[in-house]
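Colleague: Quick one: the structure is below, and I'll ask about it shortly.
Every number in this text was worked out from the coordinates using simple rules, so none of it is lab data. Note that the structure is a prediction, hence the values are computed from the model and not measured. Positions of Cβ are generated from backbone atoms using ideal geometry, with glycine treated the same way; all protein chains shown enter the neighbour counts.
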Number of protein chains: 2
Amino acid sequence: MPNSTLEHEAFARKLAGSGLRSTPQREVVYNVLMQKRDHPTAEEVFTRVRERRPGISLATVYNCLETLAQCGLVRQVNLEREPTRYCPNLLPHAHFHDEETGAILDVDLPASLLDKLKVVLPRGYEASVIEIAFRGRARPPLSARRTVQSA
Amino acid sequence: MPNSTLEHEAFARKLAGSGLRSTPQREVVYNVLMQKRDHPTAEEVFTRVRERRPGISLATVYNCLETLAQCGLVRQVNLEREPTRYCPNLLPHAHFHDEETGAILDVDLPASLLDKLKVVLPRGYEASVIEIAFRGRARPPLSARRTVQSA
DNA sequence: GCAGCCAATTGGAATGATTCCGGATAGCAA
DNA sequence: TTGCTATCCGGAATCATTCCAATTGGCTGC
């Protein structure tokens, strides 16, 4: 099962790789992100985490998210001027931002496309990160709709 | 000469096209952006504009920038969590963000590449805007360097 | 040319996401 | 245990940006 939640062990190892500790708070924050991968904001993560760990503070949630981003377990997603969102999908992907609903969709990027992208950079410019965001409307085909149409 | 500053006339016409007026403040803000196309922040635009128009307020600069973005004369550029920057380059292009210097470089995007990008979207998703940002280091080849190397 | 009207401008206050700070805790090491 | 450092915490501070209410400016029709 790809992209499944890391075991405690693997989680701790990943953090240790950056000289960081695994803590209950960090683990809960990570699990919350993995459970509902809808690109929540820090505030949203906070309310979800509090259900499992009522004592946790917002500052800690920010710290944990920052820490997880540092060691590469999650990705920060900045769209427009909106609050930062968090994404545990580590595969190379772009984001589609639905202007109507605000929903964010991960869009897989083939390696071939990434290669073509790097080529547009002038000589001497080397990118360690490429961020791609689409903005527009989603008009899913009928076959993909789950909602019942009014008769 | 492509991309040259618009004449008052053309400037006013472009604004009028969105039902907006040309005002001295808007014109100065626009001219400042055209004169030094280094992706300044609103605050930077403010200090530059004040040299020509000491009375202008920061609120007005924000308003003007917003207005110019609305009618398509400039583009807002959001990188990471930094303050919004403004760019009068209307051709389709990406941005390269130098991690060391903070400098931002416009990178032209061939239409063919944009076509390939749109293809990665699932059926029913239509993007009106595609934003691409590279982050990394610039290591210009010697032949392109202007600074004198120490002997 | 003048009254009326709406857009634009302005300074200052408010907002809101995020960071900072100083002290309390907790887990590991000796 | 004692100490040491990383982590956590609540609250204050930051800072880009937006909001607001009041003024100004520029047309439109008379």
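Colleague: Given a 10 angstrom Cα cut-off, can you work out which residue in B:Leu114, B:Leu33, B:Leu20 is the most mobile in a GNM of chain B?
Modeller: Looking only at B:Leu114, B:Leu33, B:Leu20, the largest GNM fluctuation is found for B:Leu114.
Colleague: With no solvent and one equal point scatterer per Cα, compute the Debye intensity ratio I(q)/I(0) for the protein assembly as shown at 0.15 Å⁻¹ and report its log10, rounded to two decimals.
Modeller: -1.30
Colleague: For label points placed 7 Å from Cα toward Cβ, what is the shortest-first list of nm distances from B:Pro141 to its copies?
Modeller: Relative to the other copies, B:Pro141 has label-point distances of 4.6 nm.
Colleague: Quick check: the distance between the Cα centres of the range A:42-93 and the range B:105-144, to the nearest angstrom?
Modeller: First find each Cα centre; the distance between them is then 27 Å.
Colleague: Suppose every Lys and Arg Cβ carries +1 and every Asp and Glu Cβ carries -1, with no other charges. What dipole size does the range B:60-151 come out with about its Cα centre, to the nearest 20 debye? Provide the component values of the computation, followed by the final result.
Modeller: On the way: 11 positive and 11 negative charges, 52 e Å.
About 240 debye.
Colleague: Where the label is 7 Å out from Cα toward Cβ, how close does B:Pro110 come to the same position in every other copy, in nm, shortest first?
Modeller: The projected label point of B:Pro110 is separated from its counterparts by 1.7 nm.
Colleague: Compute from the Cα atoms of the range B:91-138 the Rg and the Dmax, the latter being the longest Cα-Cα distance, and quote both in angstrom.
Modeller: Reported Rg and Dmax, both Å: 13.0, 40.
Colleague: Rounded to whole Å, how close does chain A get to the rotation axis onto B by Cβ? Give me the residue too, please?
Modeller: A:Ile132, 3
Colleague: Going by amide H atoms built from the backbone, whose H comes under 5 Å of the H on B:Gly124, apart from near neighbours?
Modeller: Amide H to amide H, under 5 Å and 5 or more residues apart or across chains, B:Gly124 pairs with nothing.
Colleague: From the label point of A:Met34, set 7 Å from Cα along Cα→Cβ, how far away are the matching label points in the other copies, in nm, ordered shortest to longest?
Modeller: 5.6
Colleague: Now for a different question. What does the convex hull of the Cα atoms of chain B come to per residue, in Å³, rounded to a whole number? Can you show the working numbers first?
Modeller: Details: hull volume 27.2 nm³, N = 151.
Roughly 180 Å³ of hull volume per residue.
Colleague: Moving to a separate point now. How big is the charge dipole of the range B:91-138 about its Cα centre, in debye rounded to the nearest 20, if each Lys and Arg gets +1 on its Cβ and each Asp and Glu gets -1 on its Cβ? Please report the intermediate quantities before stating the final value.
Modeller: Values: 5 positive and 8 negative charges, 57 e Å.
Magnitude of the dipole: close to 280 debye.
Colleague: OK, next. Can you give the helix-only mean residue ellipticity at 222 nm for chain A, where every DSSP H stretch with n ≥ 4 adds -39500 (n - 2.57) and the sum goes over all residues, rounded to the nearest 500 deg cm²/dmol?
Modeller: Calculated mean residue ellipticity at 222 nm is -10500 deg cm²/dmol.
Colleague: Follow-up. List, largest first, the extents of the alpha carbons of the range A:8-74 along their principal axes, each in whole Å.
Modeller: Projected onto its principal axes, the Cα set of the range A:8-74 covers 29, 24, 18 Å.
Colleague: Right, something else. Residue by residue through the range B:71-78, what is 3J(HN,Hα) from phi via Karplus (6.51 cos²θ - 1.76 cosθ + 1.60, θ = phi - 60°)? Round to whole Hz and write x for glycine and proline.
Modeller: Whole-Hz 3J(HN,Hα) from phi for the range B:71-78: 8, x, 7, 9, 10, 7, 10, 10.
Colleague: Follow-up. What dipole magnitude, in Debye to the nearest 20, does the range B:43-88 give about its Cα centre under +1 on Lys/Arg Cβ and -1 on Asp/Glu Cβ?
Modeller: Charge dipole of the range B:43-88: 180 debye, to the nearest 20.
Colleague: Select from the range A:1-75 those trypsin sites (Lys or Arg not before Pro) which occupy a DSSP coil region and have at most 14 other Cβ atoms within 10 Å, ordered by residue number.
Modeller: Counting only loop positions with at most 14 other Cβ atoms within 10 Å, the trypsin sites (Lys or Arg not before Pro) in the range A:1-75 are A:Arg21, A:Lys36, A:Arg37.
Colleague: So what is the relative contact order for chain B, in percent, with contacts set as C-alpha pairs under 8 Å and at least six apart?
Modeller: 18 percent
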